[in-house]
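Undergrad: Got a structure for you, questions after.
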Amino acid sequence: MPLPPILYHFFRSPLPYARTLALQERIHALQLALRRSQSHQDILLLLEHRPVYTTGRRQIASSPEVLAEEQRLTEIGADFVTTQRGGQITYHGPGQLIGYPLIDLGRTTPTIGIRDYICKMQTVLRRYLSESHGIVSVPSDNTGVFLDAHTKIASIGVQVRHRLTTHGFGLNITPEIYPWFDQIVACGLADVRQTSIAAVSTGKTSENVTVPGEIDGLVGRWGKVFERDMEKLDVAREGELAEMIRVLEQEAQYAGPWSRTPDSASP
Amino acid sequence: MFNAVRQASRTATLVRAARRPAATASSLRTFPSVRTLVTKRYTQDHEAVVFDDSTGLGTVTLTDYAQSSLGDVVFVELPTVGSVVEQGDQIGAVESVKAASDIYAPVSGTVKEINENLNSQPGLLNKSPEGDGWLCKIEVSKAEEVTELMTEDAYKEHCQS
């Protein structure tokens, strides 16, 4: 029996992190409820965030270190949110393409194990970079996509509950993310710097690399690696899922400007 | 001593006096010829529980299948001692390859003990998932929940499906 398509949607405006996390949680709850009748859908959300630093499950929100970071980083114009995903502190913002695959790992027989899921996700990103941009990445013991031991181009952080996934990956597209990344030791890797597709693409010049330009290619590769049809979600249609997405899309459009660069620390 | 108990568990009437410290008859909590049963069962989510009906404690672990599908464990989140859980409640999480995977209570009860070694040696979960890498011990409130879980044979089939 063929598997249903993965429904994908690309948000046009950068989204506030906390509201998007709430959307992920609502979709997760909806999937959990609908799974009983096997009528749940697999979703891939593609978007940028407004500037935000997020931490993973290992960092305790009320610990002094985390509270100090929160104060420091919100002062420079970013949001700060603690989450339940794996991985450590990282940055998301305009210029970085975020993918949230909200899928049921138990849909296939056998169930996709977590290590396999992360491996497939990395494969999608690595193949995409190579085939669309001639960017060669190297295998790494660290999760994510690296061009060499000290250069990272994509990060991954995932949460799995009852085989339903949330969170996902961040792929660096343009250089506007660098000054924000400079403010932290991303993912706990002190000797690693970030790069972006714009900086290293062999197919396109840097000005021609945009986040929206990457969507179709990435979606296609996801479908190939996961062996699923990819279908654009019709946001005008009936149903809870489409409505939740429309609402967030509208909120984002009216949310107003965000800091383009980190605000200087006060003297 | 625990191993001796497990191997002996299948035998019918068995004198348990050998497990107790040599003491007067009045200090023995159980009648000498009572049988203690140690039952191991499995959940769909690849947890296992080893229930010892003489202590009323169920030791919760992940299965070998779970640890191999997770990859190298770098962090284990465990419940607080004293928390009361229902079967199916989230009681912690395991992190590997930047993925945090929730773990669930296979049975209802009160958490009596957690494996503190996992804080400094999360890799124990990979090396000995059903032994030294145990997660926590729950004082089981509904013993029937244990027998309703999958047996080893049923679990093996589940893993292959």
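The values are calculated or read from the model by the stated rules, or taken from the named source; none is laboratory data. Note that the structure is a prediction, hence the values are computed from the model and not measured. No Cβ is skipped: glycine too gets one built from the backbone with ideal geometry, and neighbour counts run over all protein chains shown.
Undergrad: Take the residues in the stretch B:137-156 that are aliphatic (A, V, I, L, M) and assigned to a helix (DSSP H, G or I); name whichever of them is modelled with the lowest pLDDT.
TA: Only one residue fits best here, namely B:Ala143.
Undergrad: For the stretch A:48-71, enumerate the residues that are of a type outside the set (Lys, Arg) and within 16 Å of the chain's Cα centre (by Cα). Lay out the reasoning, then the answer.
TA: The first filter runs over the stretch A:48-71 and keeps only residues of a type outside the set (Lys, Arg), leaving A:48-49, A:51-56, A:59-71.
Within the stretch A:48-71, A:Glu48, A:His49, A:Pro51, A:Val52, A:Tyr53, A:Thr54, A:Thr55, A:Gly56 meet the criteria.
Undergrad: I'd like to know if the stretch A:62-71 contains one or more residues that are hydrophobic (A, V, I, L, M, F, W, C) and touching a residue at least 40 places away in the same chain (Cβ under 8 Å).
TA: Restricting attention to the stretch A:62-71, the residues satisfying the condition of being hydrophobic (A, V, I, L, M, F, W, C) are A:66-68.
Next, only the ones that are touching a residue at least 40 places away in the same chain (Cβ under 8 Å) stay: none.
Within the stretch A:62-71 (the criterion being hydrophobic (A, V, I, L, M, F, W, C) and touching a residue at least 40 places away in the same chain (Cβ under 8 Å)), the answer is no, since none of the residues qualifies.
Undergrad: Something else now. Restricting the stretch B:44-54 to residues that are of a type outside the set (S, T, N, Q) and away from chain A (no Cβ under 14 Å), which is surrounded by the fewest Cβ atoms within 10 Å (Cβ to Cβ)? So that I can check it myself, show each step before the final result.
TA: Start the filter on the stretch B:44-54 by keeping residues that are of a type outside the set (S, T, N, Q), which leaves B:45-53.
Among the residues that remain, those that are also away from chain A (no Cβ under 14 Å) are: B:48-53.
On the way: B:Ala48: 26, B:Val49: 24, B:Val50: 19, B:Phe51: 24, B:Asp52: 19, B:Asp53: 17.
The qualifying residue surrounded by the fewest Cβ atoms within 10 Å (Cβ to Cβ) is B:Asp53.
Undergrad: Go over the candidates A:Leu46, A:Leu147, A:Leu97, A:Leu102 one by one and state the one that is touching a Leu at 6+ places or on another chain (Cβ under 6 Å) and modelled with pLDDT of 95 or more. Steps first, please.
TA: Numbers: A:Leu46 fails: touching a Leu at 6+ places or on another chain (Cβ under 6 Å); A:Leu147 fails: touching a Leu at 6+ places or on another chain (Cβ under 6 Å); A:Leu102 fails: touching a Leu at 6+ places or on another chain (Cβ under 6 Å).
Every option except A:Leu97 fails the conditions.
Undergrad: Another question, if that's okay. Before we move on, is A:Lys224 within 14 Å of chain B (Cβ to nearest Cβ), outside any loop (DSSP other than H, G, I, E, B) and among the charged types (D, E, K, R)?
TA: So A:Lys224 does not fit the description; no.
Undergrad: Name the residues in the stretch B:43-79 that are in a strand (DSSP E or B) and over 15 Å from B:Ile138 (Cα atoms), would you? Quick ask: steps written out before the conclusion?
TA: At the first step, the residues of the stretch B:43-79 found to be in a strand (DSSP E or B) are B:47-52, B:57-62, B:73-77.
B:Val73, B:Val74, B:Phe75, B:Val76, B:Glu77 - these are the residues of the stretch B:43-79 that are in a strand (DSSP E or B) and over 15 Å from B:Ile138 (Cα atoms).
Undergrad: For the stretch A:113-123, does any single residue satisfy the condition of being away from chain B (no Cβ under 13 Å), touching a helix residue (DSSP H, G or I) at 6+ places or on another chain (Cβ under 7 Å) and either closer than 18 Å to A:Ile156 by Cα or not hydroxyl-bearing (Ser, Thr, Tyr) (or both)? Even if it seems obvious, please write down each step before you answer.
TA: Going residue by residue through the stretch A:113-123, those that are away from chain B (no Cβ under 13 Å) are A:123.
Going one step further and asking which of them are touching a helix residue (DSSP H, G or I) at 6+ places or on another chain (Cβ under 7 Å), we end up with A:123.
Now restrict to residues that are either closer than 18 Å to A:Ile156 by Cα or not hydroxyl-bearing (Ser, Thr, Tyr) (or both): A:123.
Within the stretch A:113-123 (the criterion being away from chain B (no Cβ under 13 Å), touching a helix residue (DSSP H, G or I) at 6+ places or on another chain (Cβ under 7 Å) and either closer than 18 Å to A:Ile156 by Cα or not hydroxyl-bearing (Ser, Thr, Tyr) (or both)), the answer is yes, since at least one residue qualifies.
Undergrad: Okay, moving on. Filter the stretch A:49-75 for residues that are at pLDDT below 95 and part of a loop (DSSP other than H, G, I, E, B) and give the result.
TA: Hits for the stretch A:49-75 are A:Gly56, A:Arg57, A:Arg58, A:Gln59, A:Ile60, A:Ala61, A:Ser62, A:Ser63.
Undergrad: Which one is surrounded by the fewest Cβ atoms within 10 Å (Cβ to Cβ), of the residues in the stretch A:130-142 that are more than 9 Å from chain B (Cβ to nearest Cβ) and in contact with a strand residue (DSSP E or B) (Cβ under 9 Å, 6 or more places away or on another chain)?
TA: A:Pro139
Undergrad: Here are some conditions: (1) more than 10 Å from every other protein chain (Cβ to nearest Cβ); (2) of a type in the set (Ser, Thr, Tyr); (3) without any contact (Cβ under 8 Å) to a residue 24 or more places away in the chain. A:Thr109 meets all but one. Which one does it not meet?
TA: The number of the failed condition is (1).
Undergrad: Among the candidates A:Gln41, A:Gln84, which residue alone is surrounded by 14 or more Cβ atoms within 10 Å (Cβ to Cβ) and over 16 Å from the mean Cα position of the chain (by Cα)? Can you show your working first?
TA: Numbers: A:Gln84 fails: over 16 Å from the mean Cα position of the chain (by Cα).
Checking each option against the conditions leaves just A:Gln41.
Undergrad: Given the structure, is A:Val66 touching a strand residue (DSSP E or B) at 6+ places or on another chain (Cβ under 9 Å), closer than 28 Å to A:Pro212 by Cβ and surrounded by fewer than 22 Cβ atoms within 10 Å (Cβ to Cβ)?
TA: Numbers: touching a strand residue (DSSP E or B) at 6+ places or on another chain (Cβ under 9 Å): yes; closer than 28 Å to A:Pro212 by Cβ: no; surrounded by fewer than 22 Cβ atoms within 10 Å (Cβ to Cβ): yes.
No: the conditions fail for A:Val66.
Undergrad: Hey, another quick one. Select from the stretch A:143-162 the residues that are in a loop (DSSP other than H, G, I, E, B) and at the interface with another protein chain (Cβ under 8 Å from one of its Cβ atoms) and list them in ascending order. Steps first, answer last, please.
TA: To start, the set of residues in the stretch A:143-162 that are in a loop (DSSP other than H, G, I, E, B) comprises A:143-144, A:149-150, A:162.
A:Thr143, A:Gly144, A:His162, listed by residue number.
Undergrad: A follow-up question, please. Contact list please: Cβ distance under 8 Å, first residue in the stretch A:243-267 and over 22 Å from A:Tyr178 (Cβ atoms) and aromatic (Phe, Trp, Tyr), second residue surrounded by fewer than 13 Cβ atoms within 10 Å (Cβ to Cβ) and modelled with pLDDT under 90, pairs at least six apart or on different chains.
TA: none
Undergrad: Can you tell me which residues in the stretch B:55-85 are among the small types (Gly, Ala, Ser) and either more than 14 Å from chain A (Cβ to nearest Cβ) or over 22 Å from A:Arg58 (Cα atoms) (or both)?
TA: B:Gly56, B:Gly58, B:Gly82, B:Ser83
Undergrad: Follow-up question, since we're still on this one. Restricting attention to the stretch B:86-112, and to residues there that are crowded, with 20+ Cβ neighbours inside 10 Å and farther than 17 Å from A:Arg161 by Cα, which single residue is nearest to the other protein chains (Cβ to nearest Cβ)?
TA: B:Val107
Undergrad: Please state which of the following conditions A:Val209 fails to meet, knowing it meets all the rest: (1) farther than 25 Å from A:Leu102 by Cβ; (2) touching a helix residue (DSSP H, G or I) at 6+ places or on another chain (Cβ under 8 Å); (3) without any contact (Cβ under 8 Å) to a residue 12 or more places away in the chain.
TA: (3)
Undergrad: Could you tell me whether A:Arg126 is surrounded by 18 or more Cβ atoms within 10 Å (Cβ to Cβ), out of contact with any helix residue (DSSP H, G or I) (no Cβ under 6 Å at 6 or more places or on another chain) and either within 14 Å of chain B (Cβ to nearest Cβ) or not in a strand (DSSP E or B) (or both)?
TA: Working: surrounded by 18 or more Cβ atoms within 10 Å (Cβ to Cβ): yes; out of contact with any helix residue (DSSP H, G or I) (no Cβ under 6 Å at 6 or more places or on another chain): yes; either within 14 Å of chain B (Cβ to nearest Cβ) or not in a strand (DSSP E or B) (or both): yes.
Here the answer is yes, as A:Arg126 does meet what is asked.
Undergrad: Taking A:Gly86 and the conditions (1) at pLDDT below 95; (2) in a strand (DSSP E or B), which numbered condition does it fall short on, given that it satisfies the others?
TA: With respect to (1) at pLDDT below 95; (2) in a strand (DSSP E or B), A:Gly86 is out only on (2).
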